[in-house]
Amino acid sequence: MISSSELMTVTKLDAARRHLSTAIRLWFADGDPVSIHTLSYAAYEVIHVLSRQANRQDKLIFDSDSIKDEFRSDFNKLVKRAPNFFKHADKDPIGTVEFVPQLSEMFFLFSSLGIETMGLKLGGEEKAFLIWLTIHNPKIMVEGAMKNFLQGFPVETIEEVKIMPKPEFFMHVMSGHTRGLQVVFHRIGK
């Protein structure tokens, strides 16, 4: 029997943020891609709905203006296929699925955007991922976003951070975040 002291009250948003945080931590640690994908999708799905209910103006994955209305249902089914396969066994208990683990990064990004559209602050994990994404994939970020995330980073440091292993990068960002400091990277080898 479970005692009342063992019960935990959790909101949908809290659960989604915990899923997202855990998925990002696993991703930075090069953890299991199936677990990362399942957690990141679960987080995104809840954040998508909650941010829409909070009257967000920006479009996210499921309601993107980039997808024509006549293809939206098929697109969303494709996006949901692997994570739903991982979560449910009722329709295809002995089946297999192929998936692209890198799509988890899309769920990280759009979950973070959804969180911001609700007027909430990003946590350290979300910030770490967005900084990593901005440094390693600068062409996908709009100019204003890049300046926001990389403010104060000298160009030499950015180039050195690019070769830093993900776990080390994450440790540096989280260390600064937990102390309330601006993230500072010391030159490698100094």
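The values are calculated or read from the model by the stated rules, or taken from the named source; none is laboratory data. Model, not experiment: these values are computed from the prediction. So basically every Cβ, Gly included, is an ideal-geometry build from the backbone, and we count neighbours across all protein chains shown. Each accessible area value is taken on the protein alone, full model and side chains, heavy atoms only, with ligands, DNA and RNA left out. Shrake-Rupley method; radii C 1.70, N 1.55, O 1.52, S 1.80 Å.
Looking only at the stretch 58-114, residues that are within 22 Å of Asp14 (Cα to Cα), at pLDDT below 80 and aliphatic (A, V, I, L, M) come to 1 in all. Could you list all residues from the stretch 56-72 that are more than 15 Å from Glu45 (Cα to Cα) and without any contact (Cβ under 8 Å) to a residue 60 or more places away in the chain? Across the stretch 56-72, the qualifying residues are Asp58, Asp65, Ser66, Ile67, Lys68, Asp69, Glu70, Phe71, Arg72. Is it true that some residue in the stretch 53-63 is in a helix (DSSP H, G or I) and in contact with a helix residue (DSSP H, G or I) (Cβ under 8 Å, 6 or more places away or on another chain)? Within the stretch 53-63, none of the residues are in a helix (DSSP H, G or I) and in contact with a helix residue (DSSP H, G or I) (Cβ under 8 Å, 6 or more places away or on another chain). For the stretch 60-100, a residue qualifies if it is out of contact with any Phe, Trp or Tyr (no Cβ under 9 Å at 6 or more places or on another chain) and closer than 26 Å to Thr134 by Cβ, and the qualifying residues are Asp63, Asp65, Ser66, Val100. For the stretch 7-36, a tally of residues being among the polar types (S, T, N, Q) and open to solvent by 60 Å² or more (accessible area, probe 1.4 Å) returns 3. Is there a residue being under 14 Å from Leu109 (Cα atoms), touching a Pro at 6+ places or on another chain (Cβ under 9 Å) and of a type outside the set (Val, Ile, Thr) anywhere in the stretch 16-38? Yes - at least one qualifying residue is present in the stretch 16-38.
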